[in-house]
Amino acid sequence: MFPEWFEWFVGQRHVRNALEHGSELSFFNYRDSTPLTGGQVDDSPYGGGAGMVLRVDVVDAALRAAYGDGPGPARVILLAPSGRPLDDRLAAELAATPHLALLCGRYEGVDERVRDHLADETISVGPYVLSGGELAAMVVADTVLRKLPGSLGHVDSAIEESFSEALEGAPEYPHYTRPASYRGWEAPEVLLSGDHAAVREWRLAESRKRA
Ligand SMILES: C[S@@+](CC[C@H](N)C(=O)[O-])C[C@H]1O[C@@H](n2cnc3c(N)ncnc32)[C@H](O)[C@@H]1O
């Protein structure tokens, strides 16, 4: 419902980098393709209750407007708090998928027939409730894009980081930089030793401690 939220997102350096390296992001507003009059996209819930529900015919029309009768996206993902929790493994799976469509809900949520018939999968960015799917879509897009070539300045940054295979799925080890001593708070000596094997060992051990 709010594609303009993404203007900030696409302006970010790592997102711009990924776009310059061939990734594409497109945004669609349900209101632009709704078959209903007056830009209507939602309706009151059957059975009563608070809030409004995004209609299945509106979401279907949006997908058709975006993809026509041609091949659709490889994976249509509905964003919802009740979905599969997003983690690094799922992000890697998504990064290996050539074309994703992220469906953002609003209001009370989305007619369940979207999940049953239009979406391939439902993903949650965490066990809490956001006001809309836009921030959730940005979280998904961000973690996926940073795994794609060209996004990060240093190609190794996304290979060895929290939850990656390189760290056996554990959180990343701690980082330190200058000054080596500050208010009596010392950086670990091993990191200043120049002994690469010892540094590596220390980092893996610290990472495992955090698992
Ligand atoms: C206010 S929420 C609806 C919450 C819903 N009534 C419930 O209790 O689960 C509106 C939309 O925000 C998005 N959303 C909210 N929290 C989310 C989360 N943790 N993960 C993914 N999407 C979320 C979904 O697209 C959802 O349809």
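Remarks
- Residue match in the range 152-163 (condition: out of contact with any strand residue (DSSP E or B) (no Cβ under 7 Å at 6 or more places or on another chain) and within 14 Å of the ligand (Cβ to nearest atom)): no
- Tally, over the range 42-63, of residues that are more than 13 Å from residue 110 (Cα to Cα), within 14 Å of the ligand (Cβ to nearest atom) and within 24 Å of the chain's Cα centre (by Cα): 1
- Conditions (1) assigned to a loop (DSSP other than H, G, I, E, B); (2) on the phi < 0 side of the Ramachandran plot; number of the one not met by residue 32: (1)
- Here residue 134 meets each of (1) without any contact (Cβ under 8 Å) to a residue 24 or more places away in the chain; (2) of a type in the set (Asp, Glu); (3) within 16 Å of the ligand (Cβ to nearest atom) with one exception, condition (1).
- Residue that is surrounded by the fewest Cβ atoms within 10 Å (Cβ to Cβ), among those in the range 1-41 that are over 28 Å from residue 144 (Cβ atoms) and of a type outside the set (S, T, N, Q): 38
- Residues located in the range 115-128, provided they are of a type outside the set (A, V, I, L, M, F, W, C) and either more than 19 Å from the chain's Cα centre (by Cα) or within 6 Å of the ligand (Cβ to nearest atom) (or both): 116, 117, 124, 126, 128
- Here the range 53-72 is the region considered, the condition is being assigned to a loop (DSSP other than H, G, I, E, B) and surrounded by 14 or more Cβ atoms within 10 Å (Cβ to Cβ), and the residue that is modelled with the lowest pLDDT is 72.
- Enumeration of residues in the range 139-151 that are within 16 Å of the ligand (Cβ to nearest atom) and either assigned to a loop (DSSP other than H, G, I, E, B) or free of Cβ contacts under 8 Å to residues at least 60 places away in the same chain (or both): 139, 143, 144
- Only a single item in (1) free of Cβ contacts under 8 Å to residues at least 12 places away in the same chain; (2) of a type outside the set (Phe, Trp, Tyr); (3) more than 12 Å from the ligand (Cβ to nearest atom) is not met by residue 112, and it is number (3).
- Scanning the range 64-94 for residues that are among the small types (Gly, Ala, Ser), touching a residue at least 40 places away in the same chain (Cβ under 8 Å) and away from the ligand (no atom under 16 Å from the Cβ) returns 66, 92.
- Taken as a whole, the condition of being under 19 Å from residue 95 (Cα atoms) and either modelled with pLDDT under 95 or part of a strand (DSSP E or B) (or both) does not apply to residue 50.
- Taking first residues from the range 95-109 that are touching a residue at least 12 places away in the same chain (Cβ under 8 Å) and more than 9 Å from the ligand (Cβ to nearest atom) and partners that are assigned to a strand (DSSP E or B) and among the basic types (Lys, Arg), the Cβ contacts under 6 Å between residues at least 6 apart in sequence or on separate chains come to 97/75; 100/75.
The values are calculated or read from the model by the stated rules, or taken from the named source; none is laboratory data. Computed from a predicted structure; not experimentally measured. Cβ coordinates were reconstructed from backbone atoms using ideal geometry, including for glycine residues, and neighbour counts include every protein chain displayed.
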